[in-house]
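Engineer: This is the structure, below, for whatever I ask next.
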Amino acid sequence: DTTEVSNRQFKAFVDAGGYQDPNYWREPFISDGRSLGFDEALARFRDTTGRPGPSTWELGTYPEGAADLPVSGVSWYEAAAY
């Protein structure tokens, strides 16, 4: 995006099924020169408790008091899907 995306905005994407809908994920997943399938790739994009979302989140959400801070812990693929 041309502007920062807040945790609150990214959570709306996550809660709306953004990690389950392949229509959002238009870029091919490549790891170590190998193409990954949708399910294999999405299994890598997890928070600290194993839920889909940014790696810095926990239990599917951002830290308390951080709703309006820029989202962090997202890969290029997650940002592109958003």
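Engineer: Run residue 35 past the list (1) part of a helix (DSSP H, G or I); (2) over 9 Å from the mean Cα position of the chain (by Cα) and report the number of the one that doesn't hold.
Structural biologist: (1)
Engineer: Could you grab me the full set of residues in segment 41-53 that are in a loop (DSSP other than H, G, I, E, B) and either open to solvent by 90 Å² or more (accessible area, probe 1.4 Å) or in contact with a Lys or Arg (Cβ under 9 Å, 6 or more places away or on another chain) (or both)? Give the derivation first.
Structural biologist: Quick first cut of segment 41-53, residues in a loop (DSSP other than H, G, I, E, B) only: 43-45, 47-51, 53.
Residues satisfying the conditions are 44, 48, 51, 53.
Engineer: Hey, among the residues in segment 1-40 that are under 20 Å from residue 66 (Cα atoms) and among the basic types (Lys, Arg), which one's most open to solvent (accessible area, probe 1.4 Å)? Quick ask: steps written out before the conclusion?
Structural biologist: From segment 1-40, those under 20 Å from residue 66 (Cα atoms) are 1, 3-16; that's our starting set.
If we keep only those that are among the basic types (Lys, Arg) as well, we get 8, 11.
On the way: 8: 121, 11: 45 Å².
Out of the qualifying residues, it is 8.
The values are calculated or read from the model by the stated rules, or taken from the named source; none is laboratory data. Treat the numbers as computed from the prediction; the structure is a model and nothing was measured. Note: ideal-geometry Cβ built from the backbone for every residue, glycine included; neighbour counts use all protein chains shown. Areas reflect the complete protein model, heavy atoms only, side chains present, ligands, DNA and RNA absent. Shrake-Rupley method; radii C 1.70, N 1.55, O 1.52, S 1.80 Å.
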